[in-house]
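Below is one structure, written out as structure tokens, with a few remarks after it.
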Amino acid sequence: MPTATEPSGQRSRDVKSRRILLGFCAIVAAFLIYQASVIWLATARMDSGQRGPMERGAALVPGNGEAWDRLGRLMQFDFENPHLDLAIADYQKAVHDDPLSSYYWMDLAAAYEDAGDSTHAREAFERAKSVYPASALVAWSYGNFLLRQQEYPAGFEVIRQAVEIDPGLLPITISRTWRATQDAQQLLQVLPEDAEAYLQALDFLSSNSEPDAALAVWRRLMDIYQPGAASKPATASKPLPLPRTFAFFDALIRAGRADDARVSWEQALAAAGLPASDAAGTSLVFDGDFAADFSDGGLGWRWDRPIGAAMSFDSPPPGVAGRSLRLDFDGGNNLALDSPSQYVPVAPNRACRFHALIRTEEITTESGISFSIEDPTHPADVGLLTEALNGSHPWGPMDIAFTTGADTHFLLIRVLRNPSRLFENKLAGIVWIADVSVVCGAAPPEKATP
């Protein structure tokens, strides 16, 4: 009930304002309900999967490029009855409604290419690239289109741009480029000047046993690690992670590339900031004086860390430089020991001599510690064992002479112990090793023909 003091004119104006506001809200609500109904109907028609209803759905929301793009995909990828002409027409409507969508331009380009119209496909790809120049997906798609057109230099350059934008594309780029071309130089064209890119390419080529191509990538990698490199990428500002190169060296060993492995190992050590082997020495064994820690790969010493054995370093015997290697066996296992080990590059048909110093203390069981020298791929050519030591022995030499075979390119040197066959077969005790070397001379003279 209005109060006696409230003017009647004011009450009338308040009622009128409320009615206007209520009417406006009703109009807005009706409009929103209508719009929601239209969107719902358009969505339902677009989800029908049938061209007729989808076209009517697209017509309900003019300016919606997505609707025409979906319709184009339906026509292009109908495997039973594709309609490329209709798909192209739909994509053209999509880019007309939304010319700033790189996705719609790429869909149009793909449809043109499927229809055999490479000219318009190229134009559409270029429009997509101009709309979104920083898109790795656009560059990747356009680059692959150029490769399909056999425009290799241009295609590789665009794919390289894609990889620089998105390094996640690198593995598939390496794989596809190599399988398409089998050409290391063309592969290098798509790789950014980046240590990580070259290392991934090395991994791929090494795992696929392609030593020549891997060496081409390796040389490019080493170029960026040169002290006077003109432009050193950020990834080469830190030392080369040596373990990342081990698959590459394993591939060279499998391929018998001894000279390449020796040169590359020196380069790898330098790039990793590690001491190189003694180039003035005559021994082919790397770090035969155990002055450095084990690399566990490449042409360095490898240790398999068997259960029941511990490795460390100790003082060398008198008059010997470097350190001695110490192996402690805890007596809890009947070990099959085949490390430490090292692959040593050698030349075929050479007279060689293996030398090492060894000391033992209370090595148990009849199965003692020896050295194995063999050709890992041609064991019939070189397969030697030194005397097996057990019990306690002071420092003494282990020497054995041999000749490498006609196909021998690597030797595998191992500290070896075969499991004991006795009941009390647990291995205990300590072994020290020092001054390991392999020295090879000239090829032996050929025997005169009788």
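The values are calculated or read from the model by the stated rules, or taken from the named source; none is laboratory data. Since the model is a prediction, treat every value here as computed from it, not as a measurement. Cβ: placed from backbone, ideal geometry, glycine included. Neighbour counts: every protein chain shown.
Brief remarks on what is shown
- Meets criteria (assigned to a helix (DSSP H, G or I), under 18 Å from ILE159 (Cα atoms) and modelled with pLDDT of 90 or more) for TYR103: yes
- Residues within the stretch 356-369 that are more than 30 Å from ALA442 (Cα to Cα) and assigned to a strand (DSSP E or B), tallied: 6
- Failed criterion for GLY155 (all others in (1) modelled with pLDDT of 90 or more; (2) surrounded by 22 or more Cβ atoms within 10 Å (Cβ to Cβ); (3) over 23 Å from the mean Cα position of the chain (by Cα) hold): (3)
- Filtered residue count, the stretch 121-136, keeping only those that are touching a Leu at 6+ places or on another chain (Cβ under 8 Å) and closer than 16 Å to VAL95 by Cβ: 2
- Pair list, Cβ under 6 Å, 6 or more apart: the stretch 127-144 residue in contact (Cβ under 8 Å) with a residue 40 or more places away in the chain and farther than 19 Å from GLY168 by Cβ, other residue assigned to a helix (DSSP H, G or I) and among the hydroxyl-bearing types (Ser, Thr, Tyr): none
- Scanning the stretch 301-323 for residues that are more than 33 Å from the chain's Cα centre (by Cα), farther than 16 Å from ILE369 by Cα and surrounded by 14 or more Cβ atoms within 10 Å (Cβ to Cβ) turns up PHE313, ASP314, PRO316, PRO317, VAL320, GLY322, ARG323.
- Residues in the stretch 337-369 that are out of contact with any strand residue (DSSP E or B) (no Cβ under 7 Å at 6 or more places or on another chain) and over 26 Å from VAL263 (Cα atoms) were compared, and the one that is surrounded by the fewest Cβ atoms within 10 Å (Cβ to Cβ) is GLU366.
- Every condition in (1) over 13 Å from the mean Cα position of the chain (by Cα); (2) farther than 23 Å from TYR112 by Cα is met by VAL131 except one, and the failing one is (2).
- Check on LEU199, surrounded by 22 or more Cβ atoms within 10 Å (Cβ to Cβ) and closer than 27 Å to VAL263 by Cβ: no
- Elements of type strands (runs of 3 or more DSSP E) contained in the stretch 370-450, each with 3 or more residues being surrounded by 15 or more Cβ atoms within 10 Å (Cβ to Cβ): 370-374, 391-403, 410-416, 428-440
- Taking the listed residues ARG326, ARG305, ARG353, the one that is over 27 Å from ALA401 (Cα atoms) and either outside any loop (DSSP other than H, G, I, E, B) or of a type in the set (D, E, K, R) (or both) is ARG305, with no other qualifying.
- Test for SER209: is it surrounded by fewer than 17 Cβ atoms within 10 Å (Cβ to Cβ), within 19 Å of the chain's Cα centre (by Cα) and at positive phi: yes
- Candidates GLN186, GLN226, GLN150, GLN161, filtered to the one that is surrounded by fewer than 19 Cβ atoms within 10 Å (Cβ to Cβ), over 15 Å from the mean Cα position of the chain (by Cα), in a helix (DSSP H, G or I) and not charged (D, E, K, R): GLN186
Let's see how each residue does on (1) more than 27 Å from ALA216 (Cα to Cα); (2) modelled with pLDDT under 95; (3) out of contact with any strand residue (DSSP E or B) (no Cβ under 9 Å at 6 or more places or on another chain):
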{"position": "ILE253", "(1), (2), (3)": "no, no, no"}
{"position": "ALA261", "(1), (2), (3)": "no, no, no"}
{"position": "SER264", "(1), (2), (3)": "no, no, yes"}
{"position": "THR282", "(1), (2), (3)": "yes, yes, no"}
{"position": "PHE294", "(1), (2), (3)": "yes, no, no"}
{"position": "GLY298", "(1), (2), (3)": "no, no, no"}
{"position": "ALA310", "(1), (2), (3)": "yes, no, no"}
{"position": "ASP314", "(1), (2), (3)": "yes, no, no"}
